[in-house]
Structure formats: structure tokens, C-alpha cells
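Beneath this line is the structure, given in C-alpha cells, with notes to follow.
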Amino acid sequence: MSMDTSASASGAGAEAASQAIPTALTGVALLSTPRLNKGSAFPEEERGAFRLHGLLPPGVMTLDQQLTRTYESYLAKTSDLERYIYLASLQDRNEVLFFRLLQEHIAEMSPIIYTPVVGLACQNFSHIYRRPHGLFISYEQRDNLDSILRNVPDARVIVVTDGERILGLGDLGIGGMPIPVGKLALYTLCAGIAPGGTLPITLDTGTDNQRLLADPLYLGWRHERVRGRDYDEFIDAFVSAIHRVYPDALLQWEDFARGNARRLLDRYRDRLCTFNDDIQGTAAVTLAGLLAAGKVTGAPLREQRIVILGAGSASTGIADLLTMAMTDDGATKEEAHARIWLLDSHGLVHTGRMDLDQEKARFAQSAWTPAGGDGAALDLLEVVRHVRPTILLGTAARKGAFSEAVIREMARHTERPVIFPLSNPTEKSEAVPADLLRWTEGRALIATGSPFPDVELDGRSIRIGQCNNMFIFPGVGLGVLASGARHVTDAIFLVAARALSAVVSQSDRPEQLYPRIEQVRAASRAVAVAVAHEAVRAGVGQPLAAEALEQRVDALMWEPRYRPLVRMSS
């Protein structure tokens, strides 16, 4: 990462009138600095002052003219992977133009820079690699962590992965780097976090993916995954180094395997300002959609019967936040747990099973004898038949798991079934929205993890809301920075979910459970303000008045526009 001179580490001055740059940064070096490069938009006075004459064509373009040219180039690409590569290359040479282009075409391009296309980029990472972005930290470098981190002058928001559980694609080793890069692009796009304060990190602890190890172009450490005590000591050394080098940073854990995700969060949540988006962000954005659905059905959350296909860290995170929301509304913890059923690869998570880890066991339900009494496993259809859920969530990355039989059985017992196939990328989705609407005669309230087009049914167009974490984590990060929060509490995600659900207006389209992607910046601001207030209330943020908090939120929201360049004072 190059130095960001548009904003200080704290974000103050993110909307400063000008940018101060080092005296020596001129000519080709300036054009090669994506945070400062304006390309053909450098005005004549700056071309003379910074030795750019002859290095650029003589025509001086506006930012709008540059947008026209870059969008034409984008449209000329013939595949999603080519579009991803083009946008990544644009980010590498001109960040303002990159983020402005995304801002102008956010619904079209956010699926390219993140889900679902980012999964394709991860699978092909070593073959499409162009320029370094962020930090790659190998297990072999475990004794030099501080010096490696200091190669980046400053970071306020860090996203880190070890590449073991990338989306629903599994172990992609160092190929997981596009995930933190994409997440941090969304921090900037959705919440205005200045890009100079963001840092993507991939921890390379090897890979067990034999296809990658056999690939002569694979860029990662060619070693089986480090596990057990060695892995834990490496992570502990990394966390300690982060605390020393970036003591005020927000660290987001991303796409760690189920066996590591929650335990690492629990181990370090009181040592750092940190959260896990797969667990807590997914839970908050899901809860927001369910609260919006409750406005349509008229039934409070504590009265719902909820079945979750999947019992990994994302699923138990959702179940935990649902429990918190229900108890916040007056239910006991036991009453809340009694309304949540989880299924893993072996069927219902129930008290008679001896193979449950601690996280699953907390949500184990009493088993029953299935119809026919033959001792068959309590699979999804049997659970739906017995429980008669009002809400069905999918986080298991099992394509087609929400079958016609399952959905029709659910629809027999509830007027407005709420169905969220959340797995991504798209090919891992538990169902296709058009099928869900057809099998429920158009009565289902649907949100998906990956983007799907509107569905035409019986003369009406039904918009499919996207239960996308981009509605939550950027606003959470912005609120944490604005409040100076030292820790990220569970209650922060509850207030974030409630704030997001309050943004949704269902006056014109009752099935609208999430804002449009084009509204994400306003949604992120609402989430950030709620988070900042909660941090202050909980005593983990700075004791600031409400008006001061909102002013801080607004001041931190960077806009992609060119600023005049001035020499840094000596």
C-alpha cells in the first residue's frame, strides 16, 4: 500500500480540500501511485509542477470523461473474470476513478468485485495475478511479523483471511486474497472509509488443496496446512504484532474454517477491536431481513419457528443473534432456543446425538420418531413436516437443498413463508427464487445471499432482496472508527440489524426486505450512527454527545473526487 495523503490515520480530514505529497514524488513515480494518480485528469498547472509533461497525452480530461472511457472499456469485456481483472487493474492505477466508477454503477459492479465473481477470482488467483495488493504473510515469516507489518505505514481497518474456507469453495490457500481486497473495497464504496486506512492481509499457512499444490503457477507456500499448536502460536504472534504496530486498528476475520472461526473470535475479542463478519455480520444482516419480514407478516420474532439448514459458525452466529433479539423483546433464553432448529450434514441437531461440539449442542432440540417409525434420520423434509417453520434459512452451501417437496410442505402451514437461501456464490444457493415463488403461489418472502434478477409472476415483478453483508459490516466499521470503540460487542450487531431494518420502506412493495444496493451508502450511515451510539452507551467508545458522533460519522465518509495536489511542507 502506498501512503494516503488525503486523510490522516484517524480519518480526520478525509474530505480535505487538497492533498499534500512528498517533494520527491513526481513524474513516473506519481503516475504509479494509485492513491494520487489522476491520469489524463491532471490539470496543466500540476503537470508542470510535478514533471508530468510528455508523460501524458496533451488533452486534459474531466473525471466524468474518464468515467465514460473506463465504462466503455468495462463493457467491452466478454466474461465476468475479465471484468474483475479490468476493475482490479483500474484500482491498481487510479483509486479515485475506480471508486467513482463503482459508485456510478454499484448494482452492476458490486457482484463483480465481490460475491459471486470474487469466488472465481480466488479460484484463478495465481493465474490472473498482476500487482501486489495488501500483505502476504507466510508461516515461514513468523519471526519477522512486526517488520512486515511496518512495510505499510498505517492501517485503521484490516481484513485478514487464511484462505481455508473461501465462500462455499473451501481451501484456496493464498488464492483467498481477493476476499479481503474486495471486503475493503466495500468498506470504501459503501461507508466511505478512506482507502488509505485499509489493509488486506492473507496469512499463508499452507494449503491442503492438491490441485493448487500441483499447479506450477501457484504463488503460495507449497506446504500442507499448518495446524494444531503451531497454527495457534502463529495466529497469536500475528495478533500480538497487530496490537503493537496498529494498536488502534479494527481487525475483521474473514473466511476462516469452522474449527477456527469462532474460537479465534472468542480468544481475541477482548484483546483487540475485532469481529468476524462470517459469524456476526451474517447474523446481523439476516436478522435485519427477518425483522423487515415481520413487519409484513405481523408476527414478532419471538413467535416464529425457525429452521436453519447448516450448523457451522455462520448458522450458530445467526442463532445467537436471534436469541439475543428475542430476549431483548421479552422472551427467556430457553424460550428463544426452543424456537430454533439447526440441521447439519447428519440431519437435525438433537439431544440424542453424541457427535455435537459445544456450539451445536447449545441449540440441540429433542428428537422425535419420524413418520413410519423406521428410525430414519431427521432430514430437512422431516423437520419441516414436524416443526412447521415460518422461517427457513440456508447456510450449508448445498445447491438445491430447498427442494420442491420441502417448500410445498412449509407453504402448507404458513401464509407468508420466509425463505432465505443464503449460501454463495450463486451456484451454491439452496434454491432459485423463481422456483420458491412458483412453489408457494407467490406467497414467499425471499432474500438471497447472492444477487438474483427480479421474478415476473402473475403479472407482477417481484424484487429479490439481497441479504448481503455489505449492508452491515461497512457501517459497523464506520461507527467503530467514529466512536473510537475499543471493542466490538455483540449488542453492536443487534443495534446494527435494527438500524438496517428501519431503513427499509415497504410502502410500495411489501416483499422489499432490504434496501436497494444503490441505497447502501445511506444504509451504512444509519448503521454507523446506531453503532457509534451503542459503543458510547456500553462504555467501549469515547464519551461523546450524539451530535458530535454524527458529525464524526459524516466527516469520515470519503468521497472519490480529485483534490488539488500541494507539496508537503518540510
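With only Lys, Arg, Asp and Glu charged, each at its Cβ (+1 for the first two, -1 for the last two), find how big the charge dipole of the range 32-149 is about the Cα centre; round to the nearest 20 debye.
About 200 debye.
Sorting the segments 181-191, 113-123, 388-398, 534-544 by their residues' average number of neighbouring beta-carbon atoms within 10 angstrom, most packed first, yields 181-191, 388-398, 113-123, 534-544. Pairs of alpha carbons in the range 316-405 separated by more than 21 Å make up 34% of all such pairs.
Relative contact order for the range 111-229: what percent, with Cα pairs under 8 Å and sequence separation of 6 or more?
With pairs under 8 Å counted, the relative contact order is 30 percent.
When the inverse distances between all different Cα atoms of the range 43-150 are averaged and flipped, the Kirkwood radius reads 16.5 angstrom.
Structural descriptor for the range 479-529: relative contact order 43 percent, calculated from alpha carbon pairs under 8 angstrom and at least 6 residues apart.
About the centre of its Cα atoms, the range 131-213 shows a dipole size close to 340 debye [charges on the beta carbon of Lys, Arg (+1) and Asp, Glu (-1) only; nearest 20 debye].
Only the Cβ atoms of Lys and Arg (+1) and of Asp and Glu (-1) were treated as charged; on that basis the dipole of the chain about its Cα centre amounts to roughly 480 debye.
Could you put 568, 109, 61 in order of accessible surface area, largest first, with the 1.4 Å probe and the full protein assembly present?
568, 61, 109
Loop-only check: which trypsin sites (Lys or Arg not before Pro) in the range 100-178 are DSSP coil with at most 14 other Cβ within 10 angstrom? Loop-located and lightly packed - 130, 150.
The slack in the chain from residue 538 to residue 415, taken as 0.36 nm per residue of separation less the alpha-carbon distance, amounts to 40.3 nm.
Using only the heavy atoms of the protein chains and a 1.4 Å probe, how would 335, 164 rank by accessible area, largest first?
Largest to smallest exposure gives the sequence 335, 164.
What base-10 log of the normalised intensity I(q)/I(0) is obtained for the range 280-336 from the Debye formula, alpha carbons as equal point scatterers, at q = 0.22, 0.31 Å⁻¹? With one equal scatterer per Cα and no solvent, log10 I(q)/I(0) is -0.86, -1.37. Along its first, second and third principal axes, ordered by size, the range 376-448 spans 32, 30, 16 Å in Cα coordinates.
Across all Cα pairs in the chain, the calculated P(r) in 10 Å bins from zero up to the longest distance comes to 3, 17, 27, 27, 17, 6, 2, 0, 0 percent per bin.
Entry note, the chain: relative contact order of 16 percent, from Cα contacts under 8 Å with a spacing of 6+ residues.
Calculate, in whole percent, how much of the Cα-Cα pair population of the range 204-277 lies beyond 16 Å.
56
Both radii are taken from the alpha-carbon atoms of the range 483-570; with Rh as the Kirkwood radius, Rg/Rh is 1.11.
On the accessible surface of the range 82-222, probed at 1.4 Å, how many percent belong to carbon and sulfur atoms?
Ligands and nucleic acids excluded, carbon and sulfur reach 48 percent.
For the range 125-224, the percent of C-alpha pairs falling in each 10 Å distance bin, counted from 0 to the bin holding the largest distance, reads 15, 45, 32, 7, 0. If R0 is 56 Å, the Cβ-Cβ spacing of residue 377 and residue 554 corresponds to a FRET efficiency of close to 0.55. Counting only protein heavy atoms and a 1.4 Å probe, tell me what percentage of the range 334-470's accessible area is made up of carbon and sulfur. In the range 334-470, the share of accessible area belonging to carbon and sulfur is 47 percent. The C-alpha atoms of the range 236-379 occupy a region whose extents along the principal axes are 62, 38, 23 Å, arranged from largest to smallest. The residues of the chain present an accessible area of 39 Å² per residue when probed at 1.4 Å with all protein chains retained. Under 26 Å of direct C-alpha separation, and excluding same-chain neighbours fewer than eight residues apart, residue 77 reaches these lysines: 38, 183, 428. The residue among 464, 390, 524 whose Cα reaches farthest toward the positive pole of the charge dipole of the chain, with charges on the beta-carbon of Lys, Arg, Asp and Glu, is 524. Think of the range 173-320 as a dipole: +1 on every Lys or Arg Cβ, -1 on every Asp or Glu Cβ, centred on the Cα centre; then among 228, 193, 289, 289 lies furthest on the positive end.
For the peptides 300-310, 400-410, the ranking by mean Cβ contacts within 10 Å, running from highest to lowest, is 300-310, 400-410. Once R0 is set to 41 Å, what does the formula 1/(1 + (r/R0)^6) return for the Cβ-Cβ distance between residue 328 and residue 64, expressed as a FRET efficiency to the nearest 0.05? About 0.30, to the nearest 0.05. Excluding same-chain neighbours fewer than eight residues apart, the aspartates and glutamates reachable from residue 333 by a Cα-Cα span under 16 Å are 303, 320, 359, 490. Using the rule -39500 (n - 2.57) for each DSSP H run of four or more residues, divided by the residues of the chain, the 222 nm mean residue ellipticity is -12000 deg cm²/dmol.
The values are calculated or read from the model by the stated rules, or taken from the named source; none is laboratory data. Remember, it's a predicted structure, so these values are computed and weren't measured experimentally. Methodologically, a virtual Cβ is constructed for each residue, glycine included, from the backbone with ideal geometry; neighbour enumeration extends over all protein chains shown. For accessibility, only protein heavy atoms count, side chains too; no ligands or nucleic acids. Shrake-Rupley method; radii C 1.70, N 1.55, O 1.52, S 1.80 Å.
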